[in-house]
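So the structure is just underneath, and the comments pick up after that.
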Amino acid sequence: MAETHRSFIRFLLNDQTIELAGFAPDLTLLDWLRIDRRLTGTKEGCAEGDCGACTVLVGRMDNGVLTYESVNACIRFVGSLDATHVVTVEHMNRPDGALSAVQQAMVDHHGSQCGFCTPGIVASLHALWLADPEPTEADIERQLQGNLCRCTGYEPIVKAAVAAAKTIPSEDNDRLVKAYAETVETLTALADGARVTIESERGTTYLPADVDDLAALYEAHPGATIVAGSTDVGLWVTKHLREIAPVILVGHLDGLKEIALDEDGLTLGAGVSYTAARGALVSAFPQMAELWDRIGGEQVRNMGTIGGNIANGSPIGDTPPPLIALDATVTLRKGKERRTMPLEAFFLDYGKQDRRPGEFVESVFAPALADDAFFAVYKISKRRDEDISALCAAFRVTLDSEGLVASVRIAFGGMAGTPKRAKAAEAALLGQAWTWDTVSQAREALATDYQPLSDWRASAEYRMLSAQNLMIRFFLETCGAPVRIERRPALAEA
Ligand SMILES: Cc1cc2nc3c(=O)[nH]c(=O)nc-3n(C[C@H](O)[C@H](O)[C@H](O)COP(=O)(O)OP(=O)(O)OC[C@H]3O[C@@H](n4cnc5c(N)ncnc54)[C@H](O)[C@@H]3O)c2cc1C
Ligand code: FES
Ligand code: FES
C-alpha cells in the first residue's frame, strides 16, 4: 500500500513546471498541448499513432540517466506524464533562439514543402541527434518509420539528418543539453513514490506507487482499464470513442521493467517497451531483430510494451508467434498470488484470454535457444514499415544426429482467432527427416491447422499460400539458401 498520496501530477513542459489535477482519464497530450496550452506547433494528422505529425519528446529518469524518446502525443494520455519532461517543437531551437542543427539542416537540404509533417520530423530527428552521434542511413530510416511525409519525399530529409549529425549536441546549441543537470534534479525530486489519484467528472485515473500498489489497486477495481504504453488503448479513445474510466496507468512502474538475460533465457517485465527490450532480445534471439524493427514506428516502439501486446490478445500481435515458438511462459499476478502458464495457453479464443478479474500480466520468460536450433520469424504486411501483420510466422526446429526432427514448434498470427500453434504441421515433421519431401507434407498440413479469414489486410487464400510458402522459405534458409531480400544500397552507394 502506498505511503503517500497526491491528487495531482507534476511534470516539466519545455522550461515550465506544471501541476495538473481534475483532468479526464482519456485526455491526450496532443489535445492538452494544442487546446489548453496553445502550443500548436505539434500537429494532428491521423490521431492514431501512424503519421508522426504529433511527435514530441518525453524525457524520463531511467536508472539515474535522463533519456529523451520520441512519442505520439495523439495517443499518449496526460496522466502518464508524471515526473517526466515533455519537449515540444517550440523548445527545440538553440538557447540563443537560432534554428537548431536539425532545423537548419532541414532548411539547407530542402526537407520541407507544405510543412505539415515537419514539426514531427524535426522532433524525431532531434531525438536521434541527441542519442546517436553517428547515425547510419538505416538508423535514420528506422527513426523516421513513424513519420509520414507526403510531399517532400524522404531523400532530402535523410540528407538533413546526416548533415545535422556533423554538429555535436552541446550546451551552446541545445536547450536540453544546457539544462540537463537541472532537469535531472527536478525530475528526481518529482518522482516521490506517491500513489496519485486524479478525480474528474469523466472518471478516475490512478498511478500506483509501485507494483504491489498496482496489485492492490487492480484487485480493488477489477473493472478498471490498465494502460501501459497506450498504443492500443489510445485508439480505443480517438477512433472508437470508448469510455475507459477508471484507468490504472502502469507505464511509469520500474518494477514492471525488469530485463534479465542469463543462460536459462530472457525475462521481460510486462512494462518493458520494444525499444528497451531490443538490446537483450536481439542478443538472445538475433533472428528477431528484423521483426522488432518492423513493429510500429520508433514512437510506437518507445511507448508500446510487451505486456500490452500480450494482454491485448490480438490475433495479429507480433510478439506471441515467436514467443510461442520459443515455448515462452507468461506470469500473471492478482493481489499477492502469481501463476505462470505457457503463453499459448493464455490465448483462449478471439478477444478472450485466461486472465481473471483483477489479474495483470507481470512478465514473460523465453527459454534460451539451443545452439543447434533453427529459429526464424517472418512478418507479412502490406507496407514494409509501420504496418500491422497480415500474418506472422515463427518456426523453431532441432535435428538429432541422424538429421531427423527432434523437436519442432511452429506458431502463426493472423491465421486464426488467436495466435496459434500449427500442431498438424508439427506432427507431420516430428521424427521425420528434415527434407524437401517432409517439409512439403507439413506445408500441406497447415490447411488442417488453420482456416484463415479474409479481411482488408489479406484474403484467406493469400494467408494460406503465404503461410505455406514461409514454411518452404524457412526450410531453404536452414539449408543455407540465399532467400533473404537485402536492403536497397545506401544513398551514397546508389
Ligand atoms: C501506429 C501503430 C502501429 C502498431 N504496429 C504494431 C505492429 O507492427 N505489431 C504489433 O504487434 N502491434 C502494433 N501496434 C499495436 C501496439 O503498439 C502493441 O500491441 C503494443 O504492444 C501495445 O502495448 P501498450 O503498452 O501500448 O498497450 P496498451 O495500449 O497500454 O494496452 C493494451 C491492452 O493491454 C492491457 N494491458 C497493458 N498492460 C497490461 C498488463 N501489464 N497487464 C494486463 N493488461 C495489460 C490494456 O488494458 C489493454 O487491454 C501498433 C499500434 C500503433 C498505434
Ligand atoms: S496525429 Fe498522426 S501519429 Fe499522432
Ligand atoms: S512537407 Fe508536406 S507532408 Fe511533409
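The values are calculated or read from the model by the stated rules, or taken from the named source; none is laboratory data. Remember, predicted model here, so these are calculated numbers, not experimental data. Positions of Cβ are generated from backbone atoms using ideal geometry, with glycine treated the same way; all protein chains shown enter the neighbour counts.
A few notes on this one:
- For region 48-63, the tally of residues that are assigned to a loop (DSSP other than H, G, I, E, B) and touching a residue at least 24 places away in the same chain (Cβ under 8 Å) stands at 7.
- Scanning region 281-311 for residues that are more than 30 Å from Glu477 (Cβ to Cβ) and surrounded by fewer than 23 Cβ atoms within 10 Å (Cβ to Cβ) turns up just one, Ala311.
- Members of region 458-471 that are among the charged types (D, E, K, R) and under 15 Å from Ala393 (Cβ atoms): Arg463
- Scan region 365-398 for residues that are of a type outside the set (D, E, K, R) and either within 10 Å of ligand 1 (Cβ to nearest atom) or part of a loop (DSSP other than H, G, I, E, B) (or both) and the total you get is 9.
- Residue check for Arg34: part of a loop (DSSP other than H, G, I, E, B) and surrounded by fewer than 23 Cβ atoms within 10 Å (Cβ to Cβ): no
- Condition met for Glu444 (touching a Lys or Arg at 6+ places or on another chain (Cβ under 9 Å) and either over 24 Å from Ser381 (Cβ atoms) or at pLDDT below 95 (or both)): no
- The single condition among (1) touching a strand residue (DSSP E or B) at 6+ places or on another chain (Cβ under 6 Å); (2) part of a helix (DSSP H, G or I); (3) more than 20 Å from Leu249 (Cα to Cα) that Thr340 does not satisfy is (2).
- Only one of the listed residues (Thr167, Thr231) is surrounded by fewer than 17 Cβ atoms within 10 Å (Cβ to Cβ) and touching a residue at least 40 places away in the same chain (Cβ under 8 Å). That residue is Thr167.
- Selection of first residues in region 316-330 that are in contact (Cβ under 8 Å) with a residue 40 or more places away in the chain and among the β-branched types (Val, Ile, Thr) and of second residues that are assigned to a loop (DSSP other than H, G, I, E, B) and within 16 Å of ligand 2 (Cβ to nearest atom), restricted to Cβ pairs under 7 Å at least 6 apart or on distinct chains, gives the following pairs, ordered by first then second residue: Ile316/Ile388.
- Odd one out for Val184, checked against (1) touching a residue at least 40 places away in the same chain (Cβ under 8 Å); (2) buried (at least 18 other Cβ atoms within 10 Å of the Cβ): (2)
- In region 245-270, the residues that are assigned to a helix (DSSP H, G or I) and loosely packed, with under 15 Cβ neighbours inside 10 Å: Asp254
- Pick from region 334-353, criterion in contact with a helix residue (DSSP H, G or I) (Cβ under 6 Å, 6 or more places away or on another chain) and under 23 Å from Ala215 (Cβ atoms), ranking: surrounded by the most Cβ atoms within 10 Å (Cβ to Cβ): Leu343
- Going through (1) modelled with pLDDT of 95 or more; (2) within 27 Å of Glu290 (Cβ to Cβ); (3) acidic (Asp, Glu); (4) away from ligand 2 (no atom under 16 Å from the Cβ) one by one, Asp62 falls short only on (1).
- Taken over region 187-244, the criterion of being more than 14 Å from ligand 1 (Cβ to nearest atom), among the aliphatic types (A, V, I, L, M), in contact with a Ser or Thr (Cβ under 8 Å, 6 or more places away or on another chain) and not in a helix (DSSP H, G or I) is satisfied by Ala194, Val196, Ile198, Ala209.
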